[in-house]
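The values are calculated or read from the model by the stated rules, or taken from the named source; none is laboratory data. Because the structure is a prediction, the values reported are computed rather than measured. Here Cβ is always computed from backbone atoms with ideal geometry, including for glycine, and neighbour counts include all displayed protein chains. Surface areas here come from the heavy atoms of the whole protein model, side chains and all, with no ligands, DNA or RNA. Shrake-Rupley method; radii C 1.70, N 1.55, O 1.52, S 1.80 Å.
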Amino acid sequence: MALILYYAAAFFVFAHGLVHLIGVVVYWQLAEVEDFPPYKTTLLNGRWEIGDIGMRIYGLAWLIATLGFVISAVAMVFRLDWWNPVLIATTLFSLVVNALDWDWAKYGALLDILILVVLIITQYVI
């Protein structure tokens, strides 16, 4: 049963990473995504104007989070020793990225918090 939960967690991490691709698509203006706000050049609820180049960089941050989660999930499946610190670093990075556009990405931030809580519980409690 524990092995099934472990692989389910790896799948969840992988899927969470793929969802970050929506940020890449939106912030790089590759497509409009239904139910997501149109392209903008501000973060922090409109308080921080970063322009088009800044949004491209912000989109790159979403891509980095995608890669971090996908790599962590693959490392989990292959039981590589380094998956845990990579997942922690990626999740903290993703939390910051999500927080910068809280109105749009708050649910992603909440999932990041959930991942961190589960990692802490499994590392130090169980």
(request) Would you please name the residue that is least open to solvent (accessible area, probe 1.4 Å), looking only at residues in the range 2-45 that are among the hydroxyl-bearing types (S, T, Y) and assigned to a loop (DSSP other than H, G, I, E, B)? (result) T41
(message) One residue is enough: does the range 81-103 have a residue meeting the conditions modelled with pLDDT under 95, of a type in the set (D, E, K, R), more than 15 Å from L18 (Cβ to Cβ) and not in a loop (DSSP other than H, G, I, E, B)?
(response) yes
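For (1) within 17 Å of the chain's Cα centre (by Cα); (2) more than 19 Å from G68 (Cα to Cα), each residue gets a yes or a no:
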{"residue": "M1", "(1), (2)": "no, yes"}
{"residue": "Y7", "(1), (2)": "no, no"}
{"residue": "A10", "(1), (2)": "yes, no"}
{"residue": "V19", "(1), (2)": "yes, no"}
{"residue": "I22", "(1), (2)": "yes, no"}
{"residue": "E34", "(1), (2)": "no, yes"}
(message) I need the full set of residues from the range 93-118 which are over 9 Å from the mean Cα position of the chain (by Cα) and under 23 Å from R47 (Cα atoms), in order please.
(response) V96, A99, L100, D101, W102, D103, W104, A105, K106, Y107, L110
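In the range 57-90, which residue that is small (G, A, S) and under 13 Å from the mean Cα position of the chain (by Cα) is surrounded by the fewest Cβ atoms within 10 Å (Cβ to Cβ)? Break it down stepwise before answering.
Initially, the range 57-90 is screened for residues small (G, A, S), giving 59, 61, 65, 68, 72-73, 75, 89.
Those still in the list that are under 13 Å from the mean Cα position of the chain (by Cα) too: 59, 61, 65, 68, 72-73, 89.
On the way: G59: 18, A61: 19, A65: 27, G68: 21, S72: 27, A73: 23, A89: 12.
Taking the candidates together, the pick is A89.
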